[in-house]
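The structure appears below as structure tokens.
Throughout, read-outs are computed from the coordinates displayed, never taken from laboratory work. Computed from a predicted model, the values in this text were never measured in an experiment. Neighbour counts are summed over all protein chains in view; Cβ atoms, including those assigned to glycine, are modelled from backbone coordinates with ideal geometry.
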Amino acid sequence: MNEAVDRQARARKLLHDIFGYSDFRGAQEPVVRSLLCGRNTLAVMPTGSGKSLCFQISGMVLGGLTIVVSPLVALMHDQVAALRLAGVPAETINSSRDRMENVDAWRRVAAGESPLLYLSPERLMTDRMLSALQRLPVRLIAIDEAHCISQWGPAFRPDYESLARLRDQFPGVPIAALTATADKATRNDIAAKLFGGDGEIFVAGFDRPNIRLSVEMKSGGTRQILDFVAAHKGDSGIVYCLSRKKTESVARMLCDNGIPALPYHAGMDKGERDANQDTFMTEPGSVMVATIAFGMGIDKPDIRFVLHTDLPGSMEAYYQEIGRAGRDGEAAEAHMLYGLDDIRMRRVFIEQEDSGDDDRRRREHKRLDALIGFCEAPSCRRRTLLAYFGDEIKECGNCDICLNPVEMVDGLVEGQQALTVVQQTGQRFGASHIVDVLRGADTEKIRAAGHDAVAGFGAGAGRSKDAWRSIIRQLVAAGYLRLDVAGYGGLALTDDGRKLLRGDAAFAYRADTIKQEKTSKALAREVAAGLTPADAALLGVLKKLRRDLASERGVPAYVVFSDRSLQDMAQSRPRTHSQFAEVHGVGAAKLRDFADTFLAAIEAAESATA
């Protein structure tokens, strides 16, 4: 057996024996294979698809020490707690712990007792830490939330930029970069900075088909918020607000209406923020009302809804934020409210950025344009979202437009007029210039470029700027125009756009994007597919036991067992240790630590109903 095959076999054994899974999922196996072959590897995988498992198992197979770079203390604590419960002695050194705790953790790492060490980028990239780690057998470096390193991305963090030095500090050590949010420009930038361009890139697809997508124009103030959340009463959810003030007021409003809601924003006392987060992670049915200060690294599997009360900053931000829902694979809903004031405020935020980088501001405006196009999408909303990231699907059947199609207007003439101007002006100008040409505007830019002489000049003079902007956004959303986000925001025709220009395709658009529709209903769903009433009752007992065990250990409930594991127990009703070992997610450590407790609970529940 050659070394590569042997390593793969050991990876599969660890997957089963430690983590209790019978097989890899999706892109996990090729990512692990690449890392075990010593290749730098960027993995772009949807939220909840098991990115962490890729570097955890690879590091354990490679031996020595794996350094894991993570942006948030809370995320580090949760992952270390989960690994320890699975029997893997992982460590973290961070600013939230006292000095002696960090010293003791380092001693265990230096002695070779812990194969995984979690650090923030700031802690890792100090001269002292780098020097100390270079004396240890580092075999793998994993960088979580890797999009933070890219200036092209929507969440650039300067402290991540220094990680580009790692390939020189640890020559020959493979680097794993993992993220759920990266378009093509961001992926290429990550690979260039971390790998010098020498590495594998795996894009596992961005679709989360269990999340129902819907968008609604603001029309009823807080009533729309209350109606949506009340329809999900009893479910855990996140409500995102643009400002700290709104976060506080919405949380109070929900509480006044009998919904257990908690605020979370950067202006709160850290102790209060942490307490609210702990409550949200451990108490069923709690709702977090938050700014974007909350969310990255939150791994609560049973979040049933995400509500944006205001327009997010970009498609990437929207995708990342809705990705916190439905990590357990069960039905969830993502609903967005947006209005014209949101668009104006987002434009202001971009202009007020401290970066002083005009190119970056231009890119952020184009990202916002793409999100507005998503809101105004004339066809399947998920198709529009995934197309932005380079994925293609047919109509999803699980978004508001697929489920309740909107009234459309034949737009062949308008579409051809816009495409003609894009083509005649060289396929390199942005939407504002194209609209000015269509309306026959007398601007210096048009005169200097000679665009007052093109055939399409003034062809759309009878429509307002806003109407043309909406039509162009919908042409982008429908795939007839391509928007150059990484460059200067120029528009170009796609193959489908050329067909439309020839009359070989159809285009319909939404003349009015303000939708008057009923408030969203709660998603109809069962506790788990195939559970009998008796199974469901037992599942409730097991969830309470899990919650108590998690509380004793000071960890989130899902760290003890996932919902899927408990559902498996409720259906299979194991009676022996060997049967318990066959339950989904039960590895050697959890078999040792929890089998007797859960087997006793199952036996007691069955006796009570006998």
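Points to keep in mind about this one:
- Sorting 600-608, 10-18 by their mean Cβ neighbour count within 10 Å, with the most densely packed peptide first, gives 10-18, 600-608.
- Cα long-axis angle, helix 563-572 against the chain (0 to 90 degrees, to the nearest 10): 60 degrees
- Among 131-142, 552-563, 315-326, the order from most to least packed when residues are scored by Cβ within 10 Å on average: 315-326, 552-563, 131-142
- E330, E122 arranged by Cβ crowding within 10 Å, fewest neighbours leading: E122, E330
- Using only side-chain charges placed at the Cβ, +1 for Lys and Arg and -1 for Asp and Glu, the dipole size of the chain relative to its Cα centre rounds to 400 debye.
- Tensor-based shape of region 211-403 (alpha-carbon gyration tensor, a/c under 1.5 rounded, otherwise prolate or oblate): oblate
- Ordered by the number of other Cβ atoms lying within 10 Å of each residue's own Cβ, fewest first, F594, F294 fall into the sequence F594, F294.
- Mean-position separation - Cα centroids, region 1-24 and region 546-565, in angstrom: 26 Å
- Degrees between helix 99-110 axis and first principal axis of the chain (Cα, 0 to 90, nearest 10): 80 degrees
- Relative contact order computed over region 3-90 (Cα-Cα under 8 Å; 6+ residues apart), in percent: 26 percent
- Peptides 68-76, 439-447, 243-251 ranked from most to least packed, by the mean per-residue count of other Cβ atoms within 10 Å: 68-76, 243-251, 439-447.
- Converting the Cα gyration tensor eigenvalues of region 533-609 into ellipsoid dimensions via √(5λ) gives semi-axes, longest first, of 18, 15, 11 Å.
- Region 75-230, relative contact order in percent, only Cα pairs under 8 angstrom and at least six apart counted: 16 percent
- Expressed in units of 2.2 N^0.38 Å, where N is the residue count, the Cα radius of gyration of region 407-489 is 1.03.
- Mean residue ellipticity, 222 nm, helices only, the chain: the sum of -39500 (n - 2.57) across DSSP H runs of n ≥ 4, divided by residue count and rounded to 500, is -14000 deg cm²/dmol.
- In percent, rounded to a whole number, the relative contact order of the chain is 14, using alpha-carbon pairs under 8 Å and six or more apart.
- Between helix 340-351 and the chain there is an angle of about 80 degrees, using the helix long axis and the longest principal axis of the Cα atoms.
- Cut-off under 5 Å, modelled amide H: who pairs with F429 long-range: L491
- Global form of region 3-203, assessed from the alpha-carbon gyration tensor, a/c cut-off 1.5: rounded
- In the chain, the DSSP beta bridges split such that about 10 percent are antiparallel, to the nearest 5.
- The chain: C-alpha pair distances exceeding 43 Å, %: 26 percent
- Size descriptors for region 15-127, from the alpha-carbon set: Rg then Dmax equal 14.3, 42 Å.
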